[in-house]
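This report concerns only the one structure given below.
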Amino acid sequence: MGISLVIAFIRGWILTLLCLSTFPVLVVAQMFQIQFIAGAGGASKKVYERAGSIATESIAAIRTVASFAAEDKVEMLFLGALKSDGKAVTKTALGAGMGQGFSLFTMFFLYYCGFAGGAYLMDHNGYTFKDVIQVFFSITFMGMGAGQAAALVPDIGKAKPAMNSIFTLIDRVPPIDVESEEGEKPAEVKGGIELVDVKFRYPARTEAPIFNGLSLAIHAGQTVALVGSSGSGKSTIIGL
């Protein structure tokens, strides 16, 4: 910014002062634009994440969905998730649009002041076209850069404690040394799998129970086959 100001005042201090009169408005407009756009992305992200989780679970268990003839219900859940926060998303989108329009208005108003004032100074004060262009773009890009940088100041403040947490986690020494050769080492490990009175429902379809009191024991070394019709829960057992 300092270099831009020096160049602008050297090439034409009168035009520089004229352009600087709109500088604060341009900076504020750039800040509002970036903040509104960031807010719009955050609001819509939550909605799409919620809808995406429903779609992912439904596709992964498409056989179960088909066996219960729940395609229409899953579709309604998906559409409901998309519309769950529609007012907030619309409000934020309108704010982002207004911020974008205000930013463009101030930018073109600065263009008008720069070129109209530059044309007047070329006729009455001996300015050259090169002087006008250098002053104009020095002030314009300085204002846009200052506005964008100012909008990121809150994010920089949030990033510092997050960075400290990351480095604290990296530098943490765990109480259990996984590379240590000390301690008892069992000569043989045998394990079994046992499910006792398992009750399970998918989060997207809480009204449709998949398991209602399932018990299953598989001993070490035993070979077990899960047999059943499509959608009976074989893949769900493996997933659990």
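The values are calculated or read from the model by the stated rules, or taken from the named source; none is laboratory data. Treat the numbers as computed from the prediction; the structure is a model and nothing was measured. Reconstructed Cβ throughout: ideal geometry from the backbone, glycine too, with neighbour counts over all protein chains shown. The protein model used for the area step is the full one, side chains on, heavy atoms only, and it has no ligands, DNA or RNA in it. Shrake-Rupley method; radii C 1.70, N 1.55, O 1.52, S 1.80 Å.
Hydropathy at least 0.0 by Kyte-Doolittle, axial extent at least 30 angstrom from the Cα trace: which helices of the chain, defined as entire DSSP H runs, fit?
Those that clear 30 Å and a mean of 0.0 are 23-60, 86-124, 129-151.
Hey, can you rank 200-207, 136-143 by average C-beta count inside 10 Å, highest first?
136-143, 200-207
How large is the helix-only mean residue ellipticity at 222 nm for the chain, computed as the sum of -39500 (n - 2.57) over DSSP H runs with n ≥ 4, divided by its residue count, in deg cm²/dmol to the nearest 500?
When only DSSP H runs of four or more count, the value is -22500 deg cm²/dmol.
Suppose all protein chains stay in the model; what accessible area per residue would a 1.4 Å probe give for the chain, in Å²?
68
If you work out semi-axes √(5λ) of the Cα gyration tensor in Å from the coordinates, which of [x] 30, 22, 17; [y] 26, 19, 17; [z] 64, 29, 12 do you get?
Answer label, from the structure shown: [z].
Using only the Cα atoms, what convex hull volume per residue in Å³ does the range 142-211 have?
Cα convex hull per residue, to the nearest whole number: 259 Å³.
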